[in-house]
Amino acid sequence: MADVPAAVLRPFEALGEKVLGGLESLGRFGAFFALALVTIVTPPFKLRAFVDRVHYIGYRSLIIILLTGAFTGMVLGLQLYLTLTRFGSEAFLGPAVALALIRELGPVLAALMVTGRAGSALTAEIGIMRITEQIDALTVMALNPFRYLVTPSILAGILTFPLMTAIFDVVGIMGGYLVGVHLLGLSEGTYFGEMQTFVELDDILTGFWKSLAFGAVVTWVCTYKGYYVGRGAEGVARATTQAVVLSSVLVLLWDYFMGSVLP
Amino acid sequence: MIEVQGLHKSFRGQRVLRGVDLEVPDGSITVIIGRSGGGKSVFLKHLLGLIRPDRGRVVVDGVSLTEISGRAVDEVRSRYGVVFQGGALFDSMTCGENVAFPLREKTRLRRAEIARRVDEALAQVGLAGVGSKYPEEVSGGMRKRVAIARALVTEPQIVFFDEPTTGLDPILVNSIHRLILALHRRLHFTAVMVSHEIPEIFEIADTVAMLHEGRIVEVGPPAAIQASANPVVRQFIRGEVDERTI
């Protein structure tokens, strides 16, 4: 059989290389999380690094969470009031705002906000540590960089995202209250009373599980992108962009998936 | 003793190491010289266990670093001290915290004892009193000294220096070399250094090895290297420009 010309094979080789490269990245991405999980459950635990990460991811994101939470609630209050009025159902403004926030908007928007603020910074910080050989320095000191950089960040994400989401929800509900009650004239009793009737524990748990998962996903992606950063400043810039984009897309995909599975 | 046997490494088809053989005797200062891009840093990373070779072995005191993993590698590394090219100091910590870090994380020493040893290590490199400054607040030469203090604070048996004088002025280069020599005489560690500093390194090296195009082309005491008849070595140590490469 005659040999196939190289020019014919080249596109297939290129395609094969791309597919193999993609599979390798996917495998490395999974192995990264598995290794992080192993270091979570095996001592020694780096409490100082964990507290530092909670401060970095959680506390320092508070202002942006308060701001976006308040305005999201206010917009919801305004728009839902106008919509519900058409059906004569403005009494349900409280539960409508609360359910939208608790089940969907709270976990998703809080995650996207924290990704933009802390996730990008996390990738850049770890990326710079990689290119300035600080991660290699940890390794050659016979210390596991995962324990200092990755595991505390993922644990802090799992802890702080639900807390950030809870704050986002409460502030959002108060924003809706401000617009619905004080601006549009709905009674305070109706706003909160109907909310107590319609919001159930399952709704709160749905939001909680989502935010917990988003915390893990966002910190996983952002630490991974920083850990395997490319060369130089350009590599860090690219990794940071990729981390934010991939985290945001995964948050939205995961939100749909969890929304369809959870009660 | 560190023995390197037939080390090969390629990256995306590009052969960086093509069979490196080298022996580093205990207690000696061995300096690896060679042109930029000749594979010196890649070679050093193999000795540190940061890169696995495609072929060949790195044997440290009888333990083949290339055939072990996990904790066994960490056990070998726990006898290492490393001074990276840029210092690799943790920029979120002060200079003192950087030096204290390996002691804090790897030993059960009490806080007061760690503080005493950090002060001693910083004084040893001529930096007494700068412990509270952050790396970005001190000069490049001081950062290198802090990195040396951090590498030596655990009293390692083997210390690796990756171009410890790059980017420094000639006076600082000499001062760092003298410091390394003085510390070596006092602490008797085995030193492996990658350097471009010709002819300064001939004053501190016991053995000089020239790495060229992925192979050790010449190895011996400084006097022998300086008198080498190998044109590649002669060209490098005299800094002669090859007109064909311009």
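None of the figures in this text is laboratory data; all of them are computed from the coordinates on show. Computed from a prediction, not measured in an experiment: that's the story for all the values here. Neighbour counts run over all protein chains shown; Cβ positions are idealised from the backbone, glycine included.
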- Item | Within the stretch A:19-37: backbone nitrogen closer than 19 Å to the A:V4 label point (7 Å, Cα to C-beta) | A:19-21
- With a cut-off of at most 16 other beta carbons within 10 Å, and DSSP calling the residue loop, which chymotrypsin sites (Phe, Trp or Tyr not before Pro) in the stretch B:172-246 qualify? Please list them. none
- Message: Below 18 Å, Cα to Cα, which lysines can B:K144 reach? Residues fewer than 8 away in the same chain don't count.
- Response: B:K133
- Query: Placing +1 at every Lys and Arg Cβ and -1 at every Asp and Glu Cβ, with all other atoms neutral, what dipole size does the stretch A:54-151 have around its Cα centre, in debye to the nearest 20?
  - Reply: 120 debye
- Nearest-ten-degree value, helix A:6-41 long axis tilted from longest Cα axis of chain A: 60 degrees
- Query: If one computes the Cα centroid of the stretch A:134-149 and of the stretch B:189-246, what distance in Å separates the two points?
  - Reply: 32 Å
- Message: Helix-only mean residue ellipticity at 222 nm, chain A, DSSP H runs n ≥ 4 weighted -39,500 (n - 2.57), per residue, nearest 500. What is it?
- Response: -25500 deg cm²/dmol
- Query: Efficiency by 1/(1 + (r/R0)^6): what FRET value for B:E203 and B:S10, r their Cβ-Cβ distance, R0 = 45 Å, to the nearest 0.05?
  - Reply: 0.80
- Message: If you wrap a convex hull around the alpha carbons of the stretch B:89-155, what volume per residue comes out, as a whole number of Å³?
- Response: 72 Å³
- Using the Kyte-Doolittle scale, find the helices of chain B whose mean hydropathy is at least 0.0 and whose Cα atoms extend 15 Å or more along the helix's long axis, counting only whole DSSP H runs. B:140-152, B:170-187
- Message: I'd like the per residue volume of the convex hull spanned by the Cα atoms of the stretch A:1-69, given in cubic angstrom.
- Response: 192 Å³
- Query: Taking only Cα atoms, what is the 0 to 90° angle, nearest 10, from helix A:151-177's long axis to the longest principal axis of chain A?
  - Reply: 20 degrees
- Using alpha carbons only, how many degrees (0 to 90, rounded to 10) separate the axis of helix A:201-227 from the longest principal axis of chain A? 30 degrees
- Query: Say R0 is 41 Å: what FRET efficiency, to the nearest 0.05, do A:I128 and A:R86 get from their beta-carbon distance?
  - Reply: 0.15
- Packing-based order for B:45-55, A:155-165, using average beta carbon neighbours within 10 Å, highest first: A:155-165, B:45-55
- Message: Counting other C-beta atoms within 10 Å, and keeping those with at most 13, which DSSP coil trypsin sites (Lys or Arg not before Pro) do you find in the stretch B:97-177?
- Response: B:R108, B:R110
- What order do you get for B:Y134, A:Y148 when you list them from fewest to most C-beta neighbours inside 10 Å? B:Y134, A:Y148
- Query: What full-extension length gain, to one decimal in nm, is calculated for A:R117 and A:I40 as 0.36 nm per residue of separation minus the Cα-Cα distance?
  - Reply: 25.3 nm
- Item | Virtual paramagnetic centre 7 Å along Cα→Cβ of A:F71, amide N under 18 Å, in the stretch A:107-128 | A:107-118
- The lysines whose Cα lies under 18 Å from the Cα of A:K46, excluding any fewer than 8 residues away in the same chain, are B:K106
- Note on the structure: Projected onto their principal axes, the Cα atoms of the protein assembly as shown stretch, largest extent first, over whole-Å spans of 99, 79, 42
- Query: What list of ³J(HN,Hα) couplings, whole Hz, do you get for the stretch B:218-225 from phi and the Karplus terms 6.51, -1.76, 1.60, once you set θ to phi - 60° and write x for glycine and proline?
  - Reply: 7, 9, x, x, x, 4, 5, 5
- Net lengthening on full extension, A:L26/A:L62 (0.36 nm per residue, minus Cα-Cα): 9.7 nm
- Query: Other chains' Cβ within 10 Å of B:79-91 residues: what's the mean?
  - Reply: 4
- Message: Using the Cα centre of chain A as origin and beta-carbon charges of +1 (Lys, Arg) and -1 (Asp, Glu), tell me which of A:L138, A:L47, A:L15 is placed farthest towards the positive end of the dipole.
- Response: A:L138
- B:E120 to B:N230: FRET efficiency via 1/(1 + (r/R0)^6), r the Cβ-Cβ distance, R0 60 Å, to the nearest 0.05? 0.85
